[in-house]
Amino acid sequence: MDIQVDKVAKAYERFPALHGVSLHIASGELVALLGPSGSGKTTLLRVIAGLESPDSGRVLMGGDDASRLSVQQRHVGFVFQSYALFRNMRVVDNVAFGLRVRPRATRPPRAEIRRRALELLDFVQLTGLDRRYPQQLSGGQRQRVALARALAIEPRVLLLDEPFGALDARVRKELRKWLREIHDRTGHTTVFVTHDQEEALELADRLVVMSQGRIEQIGTPDEIYDHPTSPYVYGFIGESSHVQAERKSGEILVGGRQTGLRTEGADGPVLLYFRPHHVDLSDGEPGLVGTVTAQRRVGGVRRVELAVEGATEKVEIDIPSGFPAAPGSRLTFRPGRWQTYALA
Amino acid sequence: MRRVLLAVALVYIAAVLVLPLVLVFTEAFRKGWENYLSAFTDPSSLAAIRLTLLVTVIAVPLNAVFGVLAAWSVTKYQFRGKALLTTLIDLPFSVSPVVSGMVYVLLFGAQGLIGPWLRDNGIEIIFAVPGIVLATMFVTVPFVARELIPLMQSQGTTDEEAALSLGASGWQTFRRVTLPNIKWGLVYGVLLCTARAMGEFGAVSVVSGHIRGKTTTMPLDIEILYNDYNFTAAFAMASLLALLALVTLLIKTVLELRFADELAGTRRH
């Protein structure tokens, strides 16, 4: 089932949370809503679920306007950040809840409900824990119960709010892989919210990068990582450095010096962005010149902090670990991949 | 130092709480079992006991329902006047019960605002059972709501949202998710409410009219008996009321011990 978000705006007591956001999510896609806290990503997810009603705009599911449907009628599987498991019910009853509350006409028989709940517990690898109460489970197990419970209603779409937020790093990685497998097997259209870019890049087919109630960029992990369309996305995704520069008839100058980098565009001040590991040390060739202010060994490379001549910001670059880089020494380098953004 | 403080506290409690309670029972049994029991065969006293139970049976369930509704509204919804509602719920705590009784007299009494209309239509409220029920309801409004609001606040709304997203109706959500979550807080509130409903004196006294056998509840009956120098009967009734209070206290303590976690976040009165 595809989801179309059409110019959705939402404000909480005059504090705007979403400014006219539009977005299309294709059927069967796994999409991450990525952004810092306060970027509106959770609000957008809740609007799609029907837990919040937008001030203006529409949400369409499978081409039909879902804006007027209540949360019950939308038939979405929602996994809450804190799991929201019913503590007075056993695990199996949690999973069966969505089937038990159905009106008599569409409710499966008792035995069938139980069979399906147990089947789902097998599916999420919690066989044998059906008689436990949520308090008797670990965080990762609770997460699986929450997912099984959401899947039990055979949802049209699956929505997850910070699904791995409360878990420790190891469990988090494991569950991430596992969620991808679940998605590939069930084929649900899945949207999850996260503030962890690594998680979003690894898991999602497409990323929606959000900031201050707006969508900054939508794209595949490759597109977002390699071609960020704004300084915000460049800075938010992956590691990056930037310096103030100037564009003069296509040449990029830093501190008035030629760097050997060229782009099309109007003359004027620009910000030059690049990633620390996408630089080459250049001998003799023109490039950015900097003085080493600090250095540390990071895995197979040496990360050097440089004060670039003619720029106020310090930048970080990665150089071969064997390369001499004592503080105070000068280096000339040129970014292999880079991007400029005109300063408004 | 510790011993001194402890001794002071114990002596104080003994003098102020335990001694009077013991005296109530010794006074009640002073003339022996038979006299004690005969106090309860008096038709007027039996009527008083019946009336007290009737009032409690009406006021407590109504206030339990109201308390749940009020706590639900205050904690699950955002609306204008929420702070006002929360303050109003507390009003019976801060207003003297006598004043609350007076309000009903001013409203429903013969000289009252709608008193003449009631008289013309043959409805009796003041100096009759409905007035006593209303006065009791007024003073016991806060108990359940005050118990539930902090509890429901600390539990948040995500459990309810989860139930709704799974297709549950509002009622199913309440019965299967909210009610089990607040169960012990509700029982606790109902107990406190019951104790107060049975023991209320001031507000009920104003609207009752003190017609023995008709409009006297147990506390009022005790006063009348006492003023008639019928000490044994007065203390016998008092002992029964005290016994009910002790049972309530006992259940409350058991609940506190067993369900301390689920009651956490609730205010003590």
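The values are calculated or read from the model by the stated rules, or taken from the named source; none is laboratory data. Everything numeric in this text was worked out from a predicted model, so none of it was measured. As a convention, Cβ positions derive from the backbone with ideal geometry for all residues, glycine included, and neighbour counts pool all protein chains shown. Note: areas computed on protein heavy atoms with side chains; ligands, DNA, RNA excluded. Shrake-Rupley method; radii C 1.70, N 1.55, O 1.52, S 1.80 Å.
Figures for the structure shown
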{"read-out": "Residue tally, condition farther than 19 Å from B:V144 by Cβ and open to solvent by less than 30 Å² (accessible area, probe 1.4 Å), over region B:50-63", "value": "2"}
{"read-out": "Flag if A:A152 is within 12 Å of chain B (Cβ to nearest Cβ), farther than 27 Å from A:T194 by Cα, touching a helix residue (DSSP H, G or I) at 6+ places or on another chain (Cβ under 8 Å) and touching a residue at least 24 places away in the same chain (Cβ under 8 Å)", "value": "no"}
{"read-out": "Condition check for A:L207: surrounded by 20 or more Cβ atoms within 10 Å (Cβ to Cβ), within 14 Å of the chain's Cα centre (by Cα) and not in a loop (DSSP other than H, G, I, E, B)", "value": "yes"}
{"read-out": "Residue identified as over 16 Å from B:V60 (Cα atoms) and within 14 Å of chain A (Cβ to nearest Cβ) among B:G202, B:G213, B:G185, B:G156", "value": "B:G156"}
{"read-out": "Filter pass, A:L306 being out of contact with any helix residue (DSSP H, G or I) (no Cβ under 8 Å at 6 or more places or on another chain) and surrounded by 18 or more Cβ atoms within 10 Å (Cβ to Cβ)", "value": "yes"}
{"read-out": "Single condition A:F192 does not satisfy, out of (1) more than 14 Å from chain B (Cβ to nearest Cβ); (2) in contact with a helix residue (DSSP H, G or I) (Cβ under 7 Å, 6 or more places away or on another chain); (3) not in a helix (DSSP H, G or I)", "value": "(2)"}
{"read-out": "Residue match in region A:226-238 (condition: open to solvent by less than 20 Å² (accessible area, probe 1.4 Å) and in a helix (DSSP H, G or I))", "value": "yes"}
{"read-out": "Filtered residues of region B:208-229 (kept if surrounded by fewer than 19 Cβ atoms within 10 Å (Cβ to Cβ), modelled with pLDDT of 90 or more and not in a helix (DSSP H, G or I))", "value": "B:D228, B:Y229"}
{"read-out": "Hits in region A:76-93 - residues which are closer than 11 Å to B:D159 by Cβ and either hydrophobic (A, V, I, L, M, F, W, C) or modelled with pLDDT of 95 or more (or both)", "value": "A:F80, A:A84, A:L85, A:F86, A:M89"}
{"read-out": "Tally of residues being part of a helix (DSSP H, G or I), farther than 17 Å from B:N181 by Cβ, of a type outside the set (A, V, I, L, M) and at the interface with chain B (Cβ under 7 Å from one of its Cβ atoms) across region A:66-111", "value": "2"}
{"read-out": "Which listed residue, of B:A168, B:A242, B:A163, B:A238, is surrounded by fewer than 20 Cβ atoms within 10 Å (Cβ to Cβ) and either within 14 Å of chain A (Cβ to nearest Cβ) or under 18 Å from the mean Cα position of the chain (by Cα) (or both)", "value": "B:A242"}
{"read-out": "Hits in region A:31-65 (condition: surrounded by fewer than 19 Cβ atoms within 10 Å (Cβ to Cβ) and either within 12 Å of chain B (Cβ to nearest Cβ) or in contact with a strand residue (DSSP E or B) (Cβ under 9 Å, 6 or more places away or on another chain) (or both))", "value": "A:P36, A:G38, A:S53, A:D55, A:S56, A:G57, A:R58, A:L60, A:G62, A:G63, A:D65"}
{"read-out": "Test for A:R132: is it in contact with a helix residue (DSSP H, G or I) (Cβ under 8 Å, 6 or more places away or on another chain), in contact (Cβ under 8 Å) with a residue 40 or more places away in the chain and open to solvent by 30 Å² or more (accessible area, probe 1.4 Å)", "value": "yes"}
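Residue by residue, here is whether (1) within 17 Å of B:R196 (Cβ to Cβ); (2) among the aliphatic types (A, V, I, L, M) holds:
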{"position": "B:W33", "(1), (2)": "no, no"}
{"position": "B:F40", "(1), (2)": "no, no"}
{"position": "B:V57", "(1), (2)": "yes, yes"}
{"position": "B:L62", "(1), (2)": "yes, yes"}
{"position": "B:V74", "(1), (2)": "no, yes"}
{"position": "B:L84", "(1), (2)": "no, yes"}
{"position": "B:D90", "(1), (2)": "yes, no"}
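Here's the yes/no breakdown for (1) assigned to a helix (DSSP H, G or I); (2) among the hydrophobic types (A, V, I, L, M, F, W, C); (3) touching a Pro at 6+ places or on another chain (Cβ under 9 Å); (4) open to solvent by 90 Å² or more (accessible area, probe 1.4 Å):
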| residue | (1), (2), (3), (4) |
| --- | --- |
| B:R3 | yes, no, no, yes |
| B:A7 | yes, yes, no, no |
| B:V11 | yes, yes, no, yes |
| B:A15 | yes, yes, no, no |
| B:V18 | yes, yes, no, no |
| B:L23 | yes, yes, no, yes |
| B:Y36 | yes, no, no, no |
| B:F40 | no, yes, no, no |
